[in-house]
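A.B. asks: Quick one: the structure is below, questions incoming.
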Amino acid sequence: MSILMIFLLSFLFFILLTLPLKHREKDHKSMVQRMEYFSGKEEAMPKKSAAERQAKAGMQLQERALVKIRKISRRLSPRGRQTNSFDLMMLQADWPLLGSEFEVVLGILAVLGGLIAFLTTLKLPMLFIGMAAGAFGGIFYLKLHISRRGKAFNNQLGDTLIMMSNALRAGFSFQQAMELIAKEMEAPIGVEFQKVLSELALGASLETALGHMSKRVQSKDFDLVITAVLIQRQVGGNLSQILDTISDTIRERIRMRNEISSLTAQGKLSGIIVGAVPFAIVGFLYLNDPHYLQPMLDSAIGKMMLAAAAALELIAVLIIRKIVDIRV
């Protein structure tokens, strides 16, 4: 009998031996829990479902990761809190990180990307390419998340203004209307109004709190709402009627924006394909045969051809983006 067969039979025998013991231990624990429950200890019975336990475990894992990231960030900047360009982006994305902590995340992504690229190809240049791809991938995902969050905010804004206008007609104050929005509306707009209410509770003025919200959401439609609210507080007027007018304008702009987006989708896809195909071909050729492109890289004419191709590629992408970029 081969060694592999002996190992498999031994493993199977071990499983058959320990399985009844595990069932017996599980039954014993269940019986103890039922006895403690009927004796008055209600907390002994498990009340959380498997989904809730998994969600709690995920939250605990996320919290531990955040704690480690913050420790690394404090070690890298021992002089204290330093602001950078990522701080505002963290607020716009509603991520529980500081700008310096996100830089630590980018460093981790760069190291992982470099290791994966190097171990996959065993080529030193791919190490640096993978590191750049990991870092820029993190920045790209951040900007994509901010863009999607901004679009979701703008899509909710019309319904939010209608709800706020109806609340004002019913006799609510503007702050009470914001409390209603924060309670009833989903993220991101409900979360943003809750932040405004938190700032007001800490003593900030309405103009300051709305200004901070405007920086976070970066929405021209919401800037129009803020302007109308602040002017109404200074000179008076029917705010509910103003909000209805702004809501109709925003709804029409969203309809036109969606229609234009559907009409220009083919042009945008063409621009992406045109811009990506040459780089994909060069990368494929380099991975299969690195020496295939060497004559072009060594000769002066080849370098001039590559520079001209890159310049024409950039010009084509910019022209296509300019054509399909229609402002509403």
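Here, each number is a calculation from the coordinates, and none is a lab measurement. Bear in mind the structure is a predicted one, so any value in this text is a computation, not a measurement. Quick reminder, even Gly has a Cβ in these numbers, built from the backbone with ideal geometry, and neighbours come from all protein chains shown.
A.B. asks: Once label points are set 7 Å from the Cα along Cα→Cβ at both Ser173 and Ser299, what is their separation, rounded to one decimal in nm?
C.D. replies: 8.0 nm
A.B. asks: A further question follows. Assuming R0 = 51 Å, can you tell me the calculated FRET efficiency for the pair Asp248 and Leu115, based on Cβ-Cβ distance, to the nearest 0.05? All intermediate terms of the calculation are to be shown ahead of the outcome.
C.D. replies: Details: r = 54 Å, r/R0 = 1.06.
Working from the Cβ atoms, E equals 0.40.
A.B. asks: Sort the following peptides by mean Cβ neighbour count (other Cβ atoms within 10 Å, averaged over residues), highest first: 89-99, 275-285, 245-255. Don't skip to the answer; put the middle values down first.
C.D. replies: Numbers: 89-99: 18.0, 275-285: 11.6, 245-255: 16.0.
Descending packing order for the listed peptides: 89-99, 245-255, 275-285.
A.B. asks: With a ≥ b ≥ c the root eigenvalues of the C-alpha gyration tensor of region 150-249, is it rounded (a/c under 1.5), prolate (a/b larger than b/c) or oblate? Intermediate values should be presented prior to the final figure.
C.D. replies: Details: a/c = 1.24, a/b = 1.08, b/c = 1.15.
Verdict is rounded for region 150-249.
A.B. asks: Also, I was wondering about something else. Evaluate E = 1/(1 + (r/R0)^6) for Ala276 and Ala311, where r is the Cβ-Cβ distance and R0 equals 22 Å; express this FRET efficiency to the nearest 0.05. Intermediate values should be presented prior to the final figure.
C.D. replies: Values: r = 17 Å, r/R0 = 0.78.
The pair Ala276/Ala311 has a calculated efficiency of 0.80.
A.B. asks: Evaluate E = 1/(1 + (r/R0)^6) for Ala132 and Ile326, where r is the Cβ-Cβ distance and R0 equals 45 Å; express this FRET efficiency to the nearest 0.05. Let's see the in-between values first.
C.D. replies: On the way: r = 33 Å, r/R0 = 0.73.
For Ala132 and Ile326, the calculated efficiency is 0.85.
A.B. asks: Give me the number: length gained by fully extending Arg64 to Ser198, i.e. 0.36 nm times residue separation minus the C-alpha to C-alpha distance, one decimal in nm.
C.D. replies: Numbers: separation 134, 0.36 × 134 = 48.24 nm, distance 2.64 nm.
Length gained, Arg64 through Ser198: 45.6 nm.
A.B. asks: Would you mind ranking Arg321, Arg149 so that the residue whose beta carbon has the fewest other beta carbons within 10 Å leads the list? Intermediate results must be reported in sequence, preceding the final value.
C.D. replies: Numbers: Arg321 13, Arg149 20.
Fewest-to-most ranking of Arg321, Arg149: Arg321, Arg149.
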